[in-house]
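Chemist: Below you will find the structure I want to go over with you.
The values are calculated or read from the model by the stated rules, or taken from the named source; none is laboratory data. Only a predicted model underlies this, so the values are computations on that prediction, with no experimental measurement involved. Here Cβ is always computed from backbone atoms with ideal geometry, including for glycine, and neighbour counts include all displayed protein chains. Just so you know, the surface numbers come from the protein's heavy atoms only, side chains and all, with ligands and any DNA or RNA stripped out. Shrake-Rupley method; radii C 1.70, N 1.55, O 1.52, S 1.80 Å.
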Amino acid sequence: MRKGLVLGIVGLGLLIGCSDPSATMQIVNQSRPDKTTTLVGVMETGMVRLGKPGFQFDLSNGELNCVTDQLVANWQRGWMRNRLRQTVDFQCNDGRSGKIQMALSGTSNEDWSGTGQGKLNDGSKVRLLVGDMSGAINWD
């Protein structure tokens, strides 16, 4: 009982110290390139399937919501930084879906950063930024 309580407190402490990196996605409409939609959210990190590290995106602007399934991360572990290069499928609540090719790096689950780009099935272009950001976003 005591061992379980101690493990629970330690686990809770580890969770409190963790925060998922922020993510921003821009959708450039295929039929009207001057019309863009910006979604904000997080890249949720954690363990997937038998203790394998993984992630999931959850992005929204209050009306449009785009998410990925929980994916096992195909990252390369380095001495100082970990790198992740992966193609990710995602679905939006307006019926569209797409793929993003992304390249991220980080030293822990909390500090992943990088970019991605891809397309929706209607031909709209998608750009992704992951990590802490400050100031204005210049997509060009």
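Chemist: By a straight-distance test (C-alpha under 16 Å), which aspartates and glutamates pair with residue 125 as possible cross-link partners, with residues fewer than eight away in the same chain excluded?
Modeler: Cα-Cα hits under 16 Å: 34, 89, 94, 140.
Chemist: What does the net charge come to around residue 32 if you take all other residues with beta carbon closer than 13 Å to its beta carbon, with K and R at +1 and D and E at -1?
Modeler: For residues surrounding residue 32, the net value is 0.
Chemist: How do 107, 37, 24 stack up against each other in accessible area, from largest to smallest, with a 1.4 angstrom probe?
Modeler: Numbers: 107 75, 37 35, 24 10 Å².
Of 107, 37, 24, the descending order of accessible area is 107, 37, 24.
Chemist: Which order do 113, 19, 105, 31 take when ranked by solvent-accessible area (1.4 Å probe, heavy atoms of all protein chains), largest first?
Modeler: The ordering from most to least exposed comes out as 31, 19, 113, 105.
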